[in-house]
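Contents: one structure, followed by commentary.
The values are calculated or read from the model by the stated rules, or taken from the named source; none is laboratory data. None of these values were measured; they are calculated from a predicted model. For neighbour counting, all protein chains shown are included, and Cβ atoms are generated from backbone atoms with ideal geometry for every residue, glycine included.
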Amino acid sequence: MTPFPSGQQYRLTHGRQHAVVVERGAGLREYGSDAVAFVDGYAEDQPGDGSRGQLLLPWPNRIADARYRFASRDLRLQVTERRTGCAIHGLTHNLMWRRLDISEAAVTLVLDLHPADGYPFHLHLRAAYRLAGDGLTVSVTATNRSEVACPFGAGAHPYVCLASSGTIDDALLHIPAAATLDADDRGIPTGAQRPVSGTHFDFRTPRPIGSLVLDTAFTGLTVDDDGISRISLTAPDARHGVVVWMDASHRYAMVYSGDTLGDVTRRRHGLAIEPMTCAPDAFNSGAGLIVLQPGEGHTSTWGIAPF
């Protein structure tokens, strides 16, 4: 038995970069270069608060009232966010994943998610982390091992940070997105999209975050010529920063400034930039929902690139 709350620690290195991936939830606990942190993680003797570094499977964000209907079946999940009465961030972040292989700069973890109340489907999940000269790459593959189709969505919850700034307020944020998702007071989308033009959420040109509170889903992400969308957080002098990038399977990104974290001392010290293949509450709305047929797989890839 490991003495750490997050289980076995898998330490990766490449040149001056280092990362720590953990057994519990196959999450990212640490990523940086020498003494410079690129993510606002947590210590090995601590649990990860605020979904810090977690993979969000088989759905990201919230499912309203912890209920949904799929294939003519009414399904009810456990309420995991008492404040909203919702089921949040999937089913896998407290499960112990099995190491499949490991090298100096890469590790692959796998998990069989067996049928359970509210999600009566069997998924085989694979999470591969790799360090290279261009940063950290994370690929997540889900394969439906059920005899029926199943709903699926993938997300991740890294908090990126800047070593030169105590909080994110003065950092320059660039989100090349055309719209945000209108949401109710629980964070459940109403179905409407709001163009960012003329709003406080227009970060298509990099600018300081200031005191703006963000717990906001963005969509209409600009895809670069290489098929990648990029959201960046840059130091006020624009001399260094981090990019969270995501492949075209990620049509949405949640950006969260941490203002509601239980630990007041951690609020606004990192910015959660969350790649998502579907919108919040996609199991009900269908927005971006992936339906995996029996035997079908889906891979999504994202990463963090310091500069």
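Miscellaneous remarks
- The residues of the range 1-28 that are assigned to a strand (DSSP E or B) and under 19 Å from Ala305 (Cβ atoms), listed by number, are Leu12, Thr13, His14, Gln17, His18, Ala19, Val20, Val21, Leu28.
- Whichever residue in the range 5-34 is without any contact (Cβ under 8 Å) to a residue 40 or more places away in the chain and within 25 Å of Asp263 (Cα to Cα) and, among such residues, is surrounded by the fewest Cβ atoms within 10 Å (Cβ to Cβ): Gln9
- For the range 85-109, taking the residues that are in contact (Cβ under 8 Å) with a residue 24 or more places away in the chain and among the polar types (S, T, N, Q), the one that is farthest from Arg24 (Cα to Cα) is identified as Thr92.
- Checklist (1) small (Gly, Ala, Ser); (2) without any contact (Cβ under 8 Å) to a residue 24 or more places away in the chain; (3) not in a strand (DSSP E or B) applied to Gly210, failing item: (2)
- Looking across Thr190, Thr219, Thr180, one residue alone is under 18 Å from the mean Cα position of the chain (by Cα), within 21 Å of Pro280 (Cα to Cα) and without any contact (Cβ under 8 Å) to a residue 40 or more places away in the chain. It is Thr180.
- Residue in the range 132-140 that is in contact with a Ser or Thr (Cβ under 9 Å, 6 or more places away or on another chain), surrounded by fewer than 17 Cβ atoms within 10 Å (Cβ to Cβ) and either closer than 20 Å to Pro275 by Cα or hydrophobic (A, V, I, L, M, F, W, C) (or both) present: yes
- Some residue of the range 168-184 being in a loop (DSSP other than H, G, I, E, B), out of contact with any strand residue (DSSP E or B) (no Cβ under 9 Å at 6 or more places or on another chain) and either surrounded by fewer than 14 Cβ atoms within 10 Å (Cβ to Cβ) or of a type in the set (Phe, Trp, Tyr) (or both): no
- The strands (runs of 3 or more DSSP E) falling completely within the range 29-143 that include 3 or more residues that are modelled with pLDDT of 95 or more, under 30 Å from Arg266 (Cβ atoms) and under 20 Å from the mean Cα position of the chain (by Cα) map to 106-113, 123-132.
- Residues satisfying the stated conditions in the range 247-260, i.e. in a loop (DSSP other than H, G, I, E, B) and under 19 Å from Ser211 (Cβ atoms): Ser257, Gly258, Asp259, Thr260
- When Arg230, Arg239 are screened for being at pLDDT below 95 and either in contact with a Phe, Trp or Tyr (Cβ under 7 Å, 6 or more places away or on another chain) or within 25 Å of Leu131 (Cβ to Cβ) (or both), only Arg239 passes.
- The set of residues in the range 220-236 being closer than 10 Å to Ile175 by Cα and assigned to a strand (DSSP E or B) consists of Leu221, Ser229, Arg230, Ile231, Ser232, Leu233.
So that you can scan it fast, the table gives a plain yes or no per residue for (1) farther than 23 Å from Leu57 by Cα; (2) in contact with a strand residue (DSSP E or B) (Cβ under 6 Å, 6 or more places away or on another chain):
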{"site": "Thr219", "(1), (2)": "no, yes"}
{"site": "Val223", "(1), (2)": "yes, yes"}
{"site": "Leu233", "(1), (2)": "yes, yes"}
{"site": "Arg239", "(1), (2)": "yes, no"}
{"site": "Val243", "(1), (2)": "no, yes"}
{"site": "Met246", "(1), (2)": "no, yes"}
{"site": "Ser249", "(1), (2)": "no, yes"}
{"site": "Arg268", "(1), (2)": "yes, no"}
{"site": "Leu292", "(1), (2)": "no, yes"}
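- The one condition in (1) out of contact with any Cys (no Cβ under 8 Å at 6 or more places or on another chain); (2) of a type outside the set (A, V, I, L, M, F, W, C); (3) farther than 30 Å from Gly286 by Cα; (4) surrounded by 15 or more Cβ atoms within 10 Å (Cβ to Cβ) that Thr2 fails to fulfil: (4)
Okay, residues lined up against (1) part of a loop (DSSP other than H, G, I, E, B); (2) of a type in the set (S, T, N, Q); (3) surrounded by fewer than 18 Cβ atoms within 10 Å (Cβ to Cβ):
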residue	(1), (2), (3)
Ala238	yes, no, yes
Val243	no, no, no
Gly262	yes, no, yes
Gly288	yes, no, no
Ile304	no, no, no
